[in-house]
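Written below as structure tokens is the structure these notes are about.
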Amino acid sequence: MQARSMRRFWFALFVLLGAVGVAGLGLADSRADAGAPIQIEFSLDRPIDAAAAPLVLASTRGLFRAEGLNVTTTVASDTTDAIARVAVGTSELALADLNALIRFRDQPGVRPVKAVFVLFDKAAYAFIARKSRGINALADIEGKTVGVTDGDLSIRLWPALARKNGLQLKTVKLQQIGPAVREPMLSAGQLDAISGLSYLSAIDLRDRGIPADDLTVLRFADYGCAAYGKVLIVNPEFAADKPEAVKAFVRAVIAGLRLTIKAPEQAVDDVLAQMDNGSRAVELERLHAVLSDNILTSEVRHSGIGDIDPARFETSLDQIADDFKFRKRPAVADIFDDSFLPPAGDRKVTQAE
């Protein structure tokens, strides 16, 4: 009798363990399905350099993967191409210039692409000039010749900047040149200044042998330009279908930025591994310039990274309108969606990290 009872006990235990095993297997399968990484095609708006370090580190340090994302990065021909890729859905997200996005959205019939995160709190628009040509401040640009490339974004805000600073537009000669000869012509003394992005041309010119004390970097932001710079933009269908993936992408980029700030030398090493023939000294200088001038601004130190101030946005629209006639002036909600941002406390970043 006792033996029969023991057999019944062991049989019941076997059945119970089997049931638990089957249930456990089902749970494991469910978790595997839920944990399948979400595929994201991401576009940079220019070739990789140190300015993209937070995004590079989000990939190389496994931050995207930790968020359940499998991100493939490609390089667009320029910021307009990056926006177009997101609009048609060949890329789910991209890094692009916010002011180019504003102009894009003003066209009839375009997809409602929006920015979801601001990486460059201040646009890097600038004139890069030679002190030996008599240019030490923005007022000295009057009567000078400035080299401008086709598609240059900075020059579109020059009219507003000139008026804000009481300068005469007609006294400044804008000479159209090709991108390949912009820095060489300034270096050779064929131009007094060039327009472009401060963290690109200024750093590259020093690498060409122009003495640092002969270069003047006239950052538009230092003279009243309210423009935001590079932002993450998202395809509207992807944002609607996979909002948690967009939030995860933003979190990974913020984590990449924190790592970049904490160890810029190591960040540059990661970037150089993605570049052809990059210079460590040049890219480290570029990264320090971007962090100090464009990302870690006083506004970001106070309020955190990623958001847009509505009043400042309206001022930036006023400045864009100085050289651009809106079909319909946008509201901030037409261009920027803050619902994908982490809470403000999770967006705090400082140089000490």
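The values are calculated or read from the model by the stated rules, or taken from the named source; none is laboratory data. Because the structure is a prediction, the values reported are computed rather than measured. Every residue, glycine among them, receives a Cβ derived from its backbone with ideal geometry; neighbour counts consider all protein chains shown.
Condition check ((1) free of Cβ contacts under 8 Å to residues at least 60 places away in the same chain; (2) touching a strand residue (DSSP E or B) at 6+ places or on another chain (Cβ under 8 Å); (3) not assigned by TED's automatic domain parsing to the domain that holds Ala52) across all residues:
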| site | (1), (2), (3) |
| --- | --- |
| Ala248 | no, yes, no |
| Ile254 | no, yes, no |
| Thr260 | no, no, no |
| Ala273 | no, no, no |
| Asn277 | yes, no, no |
| Ala289 | no, no, no |
| Thr297 | no, no, no |
| Asp318 | no, no, no |
| Phe324 | no, no, no |
Handout entry: Lone unmet requirement of (1) of a type in the set (A, V, I, L, M, F, W, C); (2) outside any helix (DSSP H, G or I); (3) over 27 Å from Ser316 (Cβ atoms) for Leu186
Key = (2)
Practice task
Can you tell me which residue among Ala162, Ala202 is in a helix (DSSP H, G or I) and free of Cβ contacts under 8 Å to residues at least 24 places away in the same chain?
Solution key: Ala162
Handout entry: Flag for Ser91 being part of a loop (DSSP other than H, G, I, E, B) and either in contact with a Pro (Cβ under 6 Å, 6 or more places away or on another chain) or crowded, with 24+ Cβ neighbours inside 10 Å (or both)
Key = yes
Completion exercise
Among Ala239, Ala221, the single one that is of a type in the set (A, V, I, L, M, F, W, C) and farther than 18 Å from Phe120 by Cα is Ala239
Exercise for the section: Please indicate, with yes or no, whether at least one residue in region 137-144 is within 26 Å of Phe326 (Cβ to Cβ) and modelled with pLDDT of 95 or more. Expected result: no
Exercise for the section: Please note which helices (runs of 4 or more DSSP H) are completely contained in region 208-320 and include at least 1 residues that are hydroxyl-bearing (Ser, Thr, Tyr) and more than 17 Å from the chain's Cα centre (by Cα). Expected result: 298-303
